[in-house]
1. Report the relative contact order of the range 87-201, percent, no decimals, based on alpha-carbon pairs under 8 angstrom and at least 6 residues apart.
2. Quick one: order Trp398, Trp422 by neighbouring beta-carbon count within 10 Å, fewest to most.
3. Report the full-extension gain for the segment Asp269 to Leu171: residue separation times 0.36 nm, less the Cα-Cα distance, to one decimal in nm.
4. Work out the charge dipole of the range 243-432 with +1 on the Cβ of Lys and Arg and -1 on the Cβ of Asp and Glu about the Cα centre, then indicate which of Ala353, Ala309, Leu343 is farthest towards its positive end.
5. If you rank Phe174, Phe155, Phe188 by fewest surrounding Cβ atoms within 10 Å, what's the result?
6. Which order do the peptides 334-343, 318-327 take when ranked by the mean count of other beta-carbon atoms within 10 Å per residue, highest first?
7. Quick check: pseudo-label points 7 Å beyond the Cα along Cα→Cβ at Arg311 and Leu292, how many nm apart are they?
8. Can you figure out the FRET efficiency of Leu282 with Arg87, using R₀ = 35 Å and their beta-carbon distance, to the nearest 0.05?
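Derivation of every value follows stated rules applied to the coordinates shown; laboratory data play no part. Computed from a predicted structure; not experimentally measured. Using ideal geometry, Cβ is built from the backbone for each residue, glycine included, and neighbour counts are taken over all protein chains shown.
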Amino acid sequence: MYLATTGRRPDAPPHPAGVGRRVPGTVVALGAVSLVTDVSSEMVTAVLPLYLVLGLGLSPLQFGFLDGLFNGATALVRLLGGRLADRGSGRHRTVAGAGYLLSALSRLGLLMAGGAAGGIAAALAADRLGKGVRTAPRDAMITLSAPPETLGRAFGVHRAMDTTGALLGPLVAFVVLWATADAYDAVFVVSFATGLLGVVVLGLFVPADPSAPPPRAASTRPVPPAGPNAGPGPTGPTGPTGTARVTADPAFRRVVAAAALLGTATVGDSFLYLLLQRGLDLSAALFPLLPLGAAACYLLLAVPAGRIADRAGRRIPFLLGHGALLAAYLTLLGPSSLPTAVLVLVLLGVFYAATDGVLMALAAPALPAAGRASGLAVLQTGQALARLVGAAGFGAAWTWWGPRPALVAATLALATALTAAWRILPGRKARR
């Protein structure tokens, strides 16, 4: 099987007119859903620290504990979302829609919590659970609706639209707070309405059963019927499968191993922004601009990175993206200045553009259609938990050794992980 299909073989049948030249409508519709939903979620994310710490009096340690706990739980819930989505034809949209709706309703939970710690915790849990449930089915729908040779571009378009929402959300929250004299309740109401709009867009414009991609260039044989003795077809085992069966492909397991290994050597973005703030002595008012700089770069590069991955193979861009992150660490170890800060933000944007959607496009062709969501959930969960471990390790190293020794250790760890991942990841044409 081909993990990264970047072009047609000479003996492959021609694609129908227009296939592979434009992004499918389902991908654009899912991008619109993510854009609207991210406007809703980032409105809350932008004001939540201020609301909880300054408005309700929670300590930073309490807020950090709540946020870290629920983010860790999100990674595990993705497995449930993937399994549920793969249990029957057309359930991807239903499961994803339930996740989007749960996140939207969590805004009402914040509104009704009235400052009660239990209510706030429940609302945050609902938001993270909704995000965890919807992620794998959504990405599976993208892979099922786009031809394999254009998955990089498809994920690039989706991630660009998603990031647009992430950029607009804080701006909308700022406008609402300015217009209502810092009424946080108004932010939650607008966020709920916007999140509900995302659910409506999903129901109206995303088909319940995304079209399967055109036949793979690697084979023109008919796919054997699923059954107890059915062997793997061109895209892996057919029919309903368990998670263990879905992830049995050796090439897919190597992708998961490489992503997890690199994740353990990845420092959380917040730590990088804190290092920049310390080096430049930025004021608290300017600190929120740092994530926007990286997000803007990600937005500009997501689609070009996806197209390059489709043409050159997805393994190299994924590794080079982590090389950009390594360069960001090395830049932070040098003298602090405004140009170096800009360079770090650009490199961080390159990292996400070359790795986020590209990883999904790299892994998806190794998974059967019937188990696509479950397989992607395994990959996403492994990477998320690895990054959680990496961030916790860096935080501990910072506490014990100081920021600079911790960053040196992280740099060495990432360089080692990148070398190992180069050997672990399957090549452009990795067969069973």
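1. On the way: 99 pairs, mean separation 41.6, N = 115.
In percent, rounded to a whole number, it is 36.
2. Working: Trp398 20, Trp422 13.
Listing Trp398, Trp422 from fewest to most nearby Cβ atoms yields Trp422, Trp398.
3. Values: separation 98, 0.36 × 98 = 35.28 nm, distance 2.03 nm.
Using 0.36 nm per residue and subtracting the Cα-Cα distance, I get 33.2 nm.
4. Projecting each Cα onto the dipole axis, the largest value belongs to Ala309.
5. On the way: Phe174 15, Phe155 33, Phe188 25.
With the fewest neighbours first, Phe174, Phe155, Phe188 line up as Phe174, Phe188, Phe155.
6. On the way: 334-343: 12.6, 318-327: 20.8.
In decreasing order of mean packing, 334-343, 318-327 become 318-327, 334-343.
7. 3.3
8. Numbers: r = 49 Å, r/R0 = 1.40.
That pair, Leu282 with Arg87, gives E of 0.10.
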